[in-house]
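Take a look at the structure set out below.
We did not get these values from a lab; they are worked out from the coordinates using the rules stated. None of these values were measured; they are calculated from a predicted model. Every residue, glycine as well, gets a Cβ built from its backbone with ideal geometry; the counts of neighbours run over all protein chains shown.
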Amino acid sequence: MPGTVIVGTQWGDEGKGRFTDYLAEESSLVVRYQGGHNAGHTIVVDGEVFKIQLVPSGVLYPHVTPVIANGVVVDPAVLLAEIDMLEAKGVSTARLRLSGNAHLIMPYHQEIDRVTERYLGKNKLGTTKRGIGPAYADKALRVGLRVQDLLDPKIFREKLDLALREKNAVLAKVYNRLPLDNDAIAAQYLAMVPRLEPLIDDSVHLVHGALERGERVLFEGAQATFLDLDHGTYPYVTSSNPVAGGVCTGAGVGPRAIDRVVGVVKAYTTRVGSGPFPTELHAGDPVGDVLVDRGHEYGTNTGRRRRPGWLDLVMIRHAVRLNSCTDIAITKLDVLAPFPELRICVAYEDEHGARYDHVPYHQSVIHKVRPVYETLPGWECEIDTATTLADLPDAARAYVARIEELAGVPVSFVGVGPARDQTLVLGG
Ligand code: GDP
Ligand code: IMO
Ligand code: MG
């Protein structure tokens with residue numbers, strides 16, 4: 001059963017796109033199974049930088065068929081703009097497939113995302129304002145519009161009118177906004193059909209065809225385990241299920257179709273948006289500033305400064321469980337070069353001194369826990385030209401070994417820079 005999943009183990013931006021690109025070389029299909037253009041995946045090839053939000057990161061290989069599966073929410077204008085961007089850079093998007101069952105992000109979803117965030121005031125979630133939550137909410141409410149609805153203008157219009165009647169009432173009466181215009185939205189979306197129609201396909205059939213032929217299928221996660229709607233730090237999460245289990249519903253395969261789950265672990269932690277973060281190094285902390293500067297920790301998508309912190313192995317252990325990770329890929333080890341000492345969080349302590357070796361389920365507890373750190377020596381030299389594990393200084397190898405020990409699964413790859421060839425392959 002040759003299905004591999006790439007999943008983020010923290011709060012996103014671990015470098016999933018980079019490892020999807022790396023593993024895509026041996027895959028025939030690369031499939032996005034959840035999320036939308038809240039994702040920002042960066043891939044660096046021969047010095048050229050590709051920032052991708054919707055198209056699966058496998059697109060850079062001519063032998064890969066990139067598939068946007070049913071679990072994704074799609075803003076078609078963003079998709080077309082991304083296709084144009086890739087084509088302008090000389091990347092063929094001719095093989096791209098889009099599930100007819102994927103839900104559409106509509107202009108009212110983005111408007112509602114913006115106004116509800118404003119309405120929440122200091123309790124705002126810090127969403128990407130891409131309409132992700134409202135689009136998934138409509139899917140669950142069964143008033144969503146799907147990609148396939150674009151193929152029948154009459155049905156599209158009927159569903160749009162029905163949805164917009166309620167949305168406009170909410171926008172006008174609750175949020176004091178101007179109503180959106182049905183005709184303008186219908187015209188805008190239907191005008192894209194000639195370009196979208198050739199992409200629309202049955203993604204479930206495509207995935208199973210590849211699996212039955214014994215080809216490798218790579219499922220590319222967006223967001224991450226602690227942004228998962230069920231398992232993340234709710235309500236400071238996204239509205240989909242990035243965990244490996246999300247592949248089953250989001251792409252239409254059973255668990256037995258998956259034999260490898262690679263958890264991507266940034267060598268430290270970052271988070272964008274609101275929510276608890278036990279190992280956070282708060283504004284003004286010099287270590288946090290170095291992590292942000294050296295790691296270029298600004299959102300690919302929104303440009304926001306990411307909140308930095310030390311590596312949290314309590315989270316990683318939990319992520320290994322939640323995703324059944326078979327192995328992990330570490331990114332950005334090179335960023336840690338200047339520090340004489342490094343910290344790894346191995347447990348939490350609450351305000352009464354109780355110790356947690358696992359992530360506590362209760363929101364009030366996780367908001368208040370303090371990290372219990374183990375200190376490891378740093379290596380204080382650049383490692384970005386290393387090509388094998390043996391090239392790393394002892395202290396860097398010890399850091400990787402300690403992560404492996406605490407995570408309980410092998411480390412298969414270590415990133416020492418963003419480029420394809422800055423990947424150390426470990427063990428066999
Ligand atoms: P994703 O959302 O998980 O795909 O990650 P992003 O692309 O949003 O953020 C990861 C950033 O780190 C990107 O700018 C990558 O080019 C960069 N990156 C990935 N791996 C490494 C690495 O090993 N070292 C360094 N220095 N940068 C990396
Ligand atoms: P990738 O795939 C980091 C965060 C937002 C916000 C919360 C909810 O690049 O790792 P949403 O717009 O999804 O309703 O926002 O989730 N968030 C991400 N943070 N990386 C991402 O994607 C993210 N996608 C959403 O900042 O806190
Ligand atoms: Mg990202």
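Brief remarks follow.
- D (Stokes-Einstein, µm²/s), Kirkwood Cα radius, region 295-428, 1.306 mPa s at 10 °C: 98 µm²/s
- Value of Rg to Rh for region 41-164, rounded to two decimals, is 1.02; Kirkwood radius and Rg both from alpha-carbon coordinates.
- Counting only Cα atoms, the size of the chain along its three principal axes is 66, 51, 38 Å, in decreasing order.
- In region 119-205, the C-alpha radius of gyration followed by the widest Cα-Cα span (Dmax) gives 15.2, 45 angstrom.
- Stokes-Einstein diffusion for region 32-83 at 20 °C, viscosity 1.002 mPa s, with a Kirkwood radius from C-alpha pairs, works out to 185 µm²/s.
- For the pair region 145-190 / region 360-428, the C-alpha centres are spaced 48 Å from each other.
- Long pairs among K124/K368; K129/K266; K51/K122; K332/K368; K139/K266; K51/K129, criterion Cα-Cα beyond 21 Å: K129/K266; K51/K122; K332/K368; K139/K266
- If the convex hull is drawn through the Cα atoms of region 152-202, its volume per residue in Å³: 95 Å³
- Evaluated over the Cα positions of region 1-53, the convex hull gives a direction-averaged projected area, one quarter of its surface, of 4.3 nm².
- Summing charges over all other residues whose Cβ lies under 15 Å from the Cβ of D113, with Lys and Arg as +1 and Asp and Glu as -1, gives +4.
- Working from label points 7 Å from Cα in the Cα-to-Cβ sense, the E25 to V49 distance is 2.3 nm.
- Taking a ≥ b ≥ c as the square roots of the eigenvalues of the alpha-carbon gyration tensor, region 316-385 is classed oblate because a/c is 1.5 or more while a/b is no larger than b/c.
- By DSSP, the beta bridges lying fully in the chain are antiparallel in about 40 percent of cases.
- Here the Karplus relation 6.51 cos²θ - 1.76 cosθ + 1.60, evaluated at θ = phi - 60°, turns the backbone of region 211-216 into coupling constants of 4, 5, 7, x, 7, 7 Hz, with x for every Gly and Pro.
- Based on every Cα atom in region 176-294, Rg and the maximum pairwise Cα distance Dmax equal 20.5, 55 Å.
- Modelled spin labels at E117 and D84, positioned 7 Å past Cα toward Cβ, are 2.4 nm from each other.
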